[in-house]
Amino acid sequence: MYATLKTLHLIGVVLLIGNVTVTAVWKVFADRTGDARVMRFSQRLVTITDWSLTLSGILLVTLGGYGMLYLAGLSSLGLRWLVWGQLLFGVSGAIWLAVLIPAQVRLAREAHKLTDATPPTEAYRADNRRWLIWGVIATAPLVAAIYVMSAKP
């Protein structure tokens with residue numbers, strides 16, 4: 001059972017980190033085309049993949065991680081590296097909840113309005129920059145958490 005939970009945990013990490021990095025890259029390139037159809041499509045897929053892949057990753061990381069703790073008889077606050085891993089994961093989640101999800105919702109609404117005759121508004125561009133910058137910032141603690149959970153310093 002422990003190996004199954006560990007596998008689920010690792011699949012969750014791959015889904016989470018993989019999706020947040022790949023969607024940022026292809027959204028940047030899609031937006032650089034200036035083609036309203038491509039931009040609408042990419043924003044729609046960012047929303048779909050975040051709700052499916054990112055959320056699935058978060059759930060699997062959480063289920064697998066806490067499941068392994070339970071089976072091992074450990075406390076989530078019992079080891080320093082566990083505390084740091086959870087804290088880093090939580091910091092990233094807080095950034096997503098406070099900044100990235102609201103920006104993404106606004107981007108989706110604005111992208112829906114894009115046509116060849118109506119280029120992106122300044123509000124769209126500002127939210128797009130905010131989403132990208134804070135997305136990179138929110139990814140850094142996830143990468144740090146991978147290190148902490150692997151190295152167990």
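The values are calculated or read from the model by the stated rules, or taken from the named source; none is laboratory data. Bear in mind that the values here come from a model prediction, so they are computed numbers and not experimental data. Cβ: placed from backbone, ideal geometry, glycine included. Neighbour counts: every protein chain shown.
Can you tell me which residues in segment 115-148 are modelled with pLDDT under 95 and either in contact with a His (Cβ under 8 Å, 6 or more places away or on another chain) or farther than 18 Å from Ser42 by Cα (or both)?
Ala117, Glu122
Can you find even one residue in segment 31-40 that is within 20 Å of the chain's Cα centre (by Cα) and without any contact (Cβ under 8 Å) to a residue 60 or more places away in the chain?
So far as segment 31-40 goes, no, none of its residues is within 20 Å of the chain's Cα centre (by Cα) and without any contact (Cβ under 8 Å) to a residue 60 or more places away in the chain.
Testing Ile48 on (1) of a type outside the set (Phe, Trp, Tyr); (2) exposed (fewer than 12 other Cβ atoms within 10 Å of the Cβ); (3) over 16 Å from the mean Cα position of the chain (by Cα); (4) under 20 Å from Trp134 (Cα atoms), one condition comes back false. Which one is that?
It fails just one condition, (3).
So if I check each of Tyr70, Tyr124, which one is aromatic (Phe, Trp, Tyr) and over 29 Å from Asp31 (Cβ atoms)?
Details: Tyr124 fails: over 29 Å from Asp31 (Cβ atoms).
Only one candidate passes the filter, namely Tyr70.
Kindly evaluate Val28 against the criterion of being surrounded by 18 or more Cβ atoms within 10 Å (Cβ to Cβ) and either closer than 18 Å to Ile17 by Cα or touching a His at 6+ places or on another chain (Cβ under 7 Å) (or both). Can you show your working first?
On the way: surrounded by 18 or more Cβ atoms within 10 Å (Cβ to Cβ): no; either closer than 18 Å to Ile17 by Cα or touching a His at 6+ places or on another chain (Cβ under 7 Å) (or both): yes.
In short, no.
Tell me the residue from Ala151, Ala103, Ala145 that is within 26 Å of Ala3 (Cα to Cα), surrounded by 18 or more Cβ atoms within 10 Å (Cβ to Cβ) and either in contact (Cβ under 8 Å) with a residue 24 or more places away in the chain or among the charged types (D, E, K, R) (or both), please.
Ala145
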